[in-house]
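Inspection log for the structure reproduced underneath, given as structure tokens.
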Amino acid sequence: MYPQSFSLDDGTTVHFREETSGDLESVWGLYSTLGSESRHTLPPFNRSLIERWSSCLNEYTFKPVLVSVDEGDGERIIGRASLYHDLSPATKHRAEFGIVVHDDYQGRGVGTNLTLFMVHVARAKGLRKLTLDVFAENGRAVHVFEACGYAKEGLFQEHYWFRGRFYDVVRMGLAL
Ligand SMILES: CC(C)(COP(=O)(O)OP(=O)(O)OC[C@H]1O[C@@H](n2cnc3c(N)ncnc32)[C@H](O)[C@@H]1OP(=O)(O)O)[C@@H](O)C(=O)NCCC(=O)NCCS
């Protein structure tokens, strides 16, 4: 079994666990306090989108995984990863990976450990492939994904229009 917790360099223990419908406020707390740089690495989101995710949890093949730490006054959610799984015959062998780590905890190995954890989950469930789309300018994320085994499969220029400008997108895949 892949470890469900690990320690940061300052001794803080980080846990991975499945998201439940009772986590709505914690997940909103994670997204709503992201810094502007992190927000701009993600498609736009708002409270109603996060509420929709929370209300659809029962429909997910793979429950999203939350990253938690105990900061002394209780559990704080500092990251989230998802595997979007479309069950149609043409696509059910693969899932689409998404990840966010709160700014307060970036650059400390959480994203790498969480990405590897989700690869383990997908492999254990018998999927053949993971895919993801990442903004081409998001060098940190591309670095983490490549370190975890993803390879670039294509570049889509001016693929999205968000926040008043176009974004190039790198499509990445990992054969399981
Ligand atoms: C991308 C993200 C998940 C990575 O998580 P993290 O916890 O910061 O990642 P880690 O600390 O495990 O690793 C960061 C790595 O990126 C490297 N890095 C940092 N900035 C970089 C940059 N601009 N270009 C290339 N590499 C960079 C670090 O050196 C480190 O590499 P190393 O482990 O080889 O030393 C996190 O930064 C995040 O959530 N960002 C905002 C949301 C996002 O981008 N999501 C992905 C959308 S597809």
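All of the numbers you see were taken from the coordinates with simple rules; none came from a lab. Nothing here was measured: the structure is a model prediction, and the numbers come from that model. Here the Cβ is made from the backbone with ideal geometry for all residues, glycine too, and neighbour counts use every protein chain on show.
Placing +1 on each Lys and Arg Cβ and -1 on each Asp and Glu Cβ, with no other charges, gives the chain a dipole about its Cα centre of roughly 740 debye. Roughly what would the spin-label model give for Ser48 and Arg128, points 7 Å off Cα along C-beta, in nm? Modelled inter-label distance: 3.9 nm. Dipole orientation for region 5-127: of the candidates Leu127, His15, Ala81, Leu127 has the Cα lying most toward the positive pole (charges on Cβ; Lys, Arg +1; Asp, Glu -1).
What shape does region 85-176 have by the C-alpha gyration tensor, where a ≥ b ≥ c are the square roots of the eigenvalues, rounded means a/c under 1.5, and otherwise prolate means a/b greater than b/c and oblate the rest? It comes out oblate by the Cα gyration axes. For Thr12, neighbours were defined as the other residues whose beta-carbon sits under 10 Å from its Cβ, and their charges (Lys and Arg +1, Asp and Glu -1) total -3. Note on the chain: Cα-only Rg and Dmax are 15.9, 47 Å.
Using the Karplus relation 6.51 cos²θ - 1.76 cosθ + 1.60 with θ = phi - 60°, the per-residue 3J(HN,Hα) values for region 64-77 come to x, 9, 9, 9, 10, 9, 9, 8, x, 9, x, 6, 10, 8 Hz, with x marking Gly and Pro. FRET efficiency for the Phe162 to Thr13 pair, using the beta carbon distance and R₀ = 30 Å, is estimated at 0.25. The loop-placed chymotrypsin sites (Phe, Trp or Tyr not before Pro) in region 1-108, going by DSSP, that have at most 16 neighbouring Cβ atoms within 10 Å of their Cβ come out as Phe45, Tyr60.
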